Amino acid sequence: MPREIGTLLTRLANRKKGLVTREELLAAGLSEGQVDCRVQTGLLIPDYKGVYRLGHSAPNLESSYLAAVLACGEGTLLSGHAAAYLYGLTKGRPPRPEVTTTTKRQPPGVLVHRTRAIHPRYRTEYRGIPITTVPRTVADLAAGSTPADLALVFHEARIKFGVRPEYVEAVLARSRVRGAAKLRRVIRGDERVLLSELERGFIALLERAGLPLPQTNIPRDGHWVDCYWPDHQLTVELDTYRYHASRHAWEKDQRRERKARKRGDYRRYVWGDVFEAEDELVAELSPALAAPS
């Protein structure tokens, strides 16, 4: 019997990153006493009330996030900054578990957002963890983020998950979202945002040279462009290796470039142009920006 129980525990825990809930154990046929006995002997290690980690399973970020979701009950989703971090939309130190739930549970150390209902269109699963969809996650970060930080989150969502402005607009249309006006300015390109050191260096170079500044990171013809001067019909793309190291990215760039050339002048610059050949870049751009076309 102990061996059978051990096999059962392993099978249940393997389905959820080494985690198992008391409800699952009772539903599988264990008694309250059998569960408590294995907690006392260390075979089951409590992460939260009613949520246990199998003794041989080392905790990690994903299991800690899933444990928080399980601790808050059926239908709970990882959300907010924790969801954004798991998706790779933000970087830095991992944020504490954050969830959205319809239950009244409040596990220690978990940031809980309560709601009457969570629409199915906002639910998904990522890496085995119930989580808000990427567009919903972007919207959830609007209230507490600066325009620059929000733009970076949306940029990562576009690159990694193909999120388009209309996907986020659909969330804003269905829900009351704090910071919605700010988010709309970001996704429509109405906020001047600089997403990388290369872009910041380029804008700083234009300012030192006294050249007119462009609109940055805005949608044009179904694509996002780094810099655009509407009065001069000039588009500049600032290329980094990170987003151009695959055939798909290269082909996407070619289509974007063809559309840009139809609008007017089109230039591409890389790191060396901006930081190592400043005079040459300024000399090349100055005539194009001298007077509106």
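The values are calculated or read from the model by the stated rules, or taken from the named source; none is laboratory data. Treat the numbers as computed from the prediction; the structure is a model and nothing was measured. Positions of Cβ are backbone-derived with ideal geometry, glycine not excepted, and every protein chain shown enters the neighbour counts. In case anyone asks, the SASA skips ligands and DNA or RNA and just uses the protein heavy atoms, side chains included. Shrake-Rupley method; radii C 1.70, N 1.55, O 1.52, S 1.80 Å.
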If the viscosity is 1.567 mPa s and the temperature 4 °C, what translational diffusion coefficient in µm²/s does Stokes-Einstein give for segment 90-171 when Rh comes from Kirkwood over Cα pairs?
92 µm²/s
Give me the accessible area of Lys91, 1.4 Å probe, in Å² rounded to the nearest 10.
140 Å²
Potential lengthening between Gln215 and Val270 on full extension [0.36 nm per residue; Cα-Cα distance subtracted]
18.0 nm
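Work the Kirkwood hydrodynamic radius out for segment 138-187: mean of 1/r over every pair of different alpha-carbon atoms, inverted, in Å. Write out the running numbers ahead of the final one.
On the way: mean 1/r = 0.0946 Å⁻¹.
Kirkwood radius, segment 138-187: 10.6 Å.
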For segment 194-241, rounded, prolate or oblate, judged on the Cα gyration tensor with a ≥ b ≥ c (square roots of eigenvalues), a/c < 1.5 rounded, else prolate if a/b > b/c?
oblate
Can you list residues whose amide H is under 5 Å from Leu141's amide H, if they're 5+ apart or on another chain and H is modeled 1.01 Å from N?
none
Taking the Cβ of Lys17 as the center, what net charge do the other residues with Cβ under 12 Å away carry, scoring Lys and Arg +1 and Asp and Glu -1?
+2
Mean separation of Cα contacts under 8 Å, 6 or more apart, over the residue count of the chain: relative contact order %:
10 percent
Checked segment 161-234 against the a/c 1.5 cut and the a/b vs b/c comparison, axes a ≥ b ≥ c from its Cα gyration tensor; verdict prolate
Quick one: grab the alpha carbon gyration tensor of segment 47-124, order the square roots of its eigenvalues as a ≥ b ≥ c, and give me rounded if a/c is under 1.5, else prolate or oblate depending on whether a/b is larger than b/c.
oblate
Work through the residues other than Ser64 whose Cβ is under 14 Å from its Cβ and net out their charges, Lys, Arg +1 and Asp, Glu -1.
+3
Explain nothing, just the number: dipole magnitude of the chain about its Cα centre with +1 on each Lys and Arg Cβ and -1 on each Asp and Glu Cβ, in debye rounded to the nearest 20.
1360 debye
What are the equivalent ellipsoid semi-axes of segment 97-139, built from the alpha-carbon gyration tensor (square roots of five times its eigenvalues), in whole angstrom, biggest first?
18, 13, 10
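Taking the chain, how much of its Cα-Cα pair set, in percent, is spaced more than 34 angstrom apart?
39 percent
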Which pairs break 21 Å Cα to Cα here: Lys49/Lys91; Lys49/Lys104; Lys17/Lys49; Lys91/Lys160?
Lys49/Lys91
Given Gln34, Pro135, Gly55, which one lies farthest toward the positive end of the charge dipole of the chain, if we put +1 on the Cβ of every Lys and Arg and -1 on the Cβ of every Asp and Glu?
Gln34
Return the calculated 222 nm mean residue ellipticity for the chain, to the nearest 500 deg cm²/dmol, obtained by summing -39500 (n - 2.57) across DSSP H runs with n ≥ 4 and dividing by the residue count.
-13500 deg cm²/dmol
As a test of reading the structure, rank Trp271, Trp224 by solvent-accessible area (1.4 Å probe, protein chains only), most first.
Trp271, Trp224
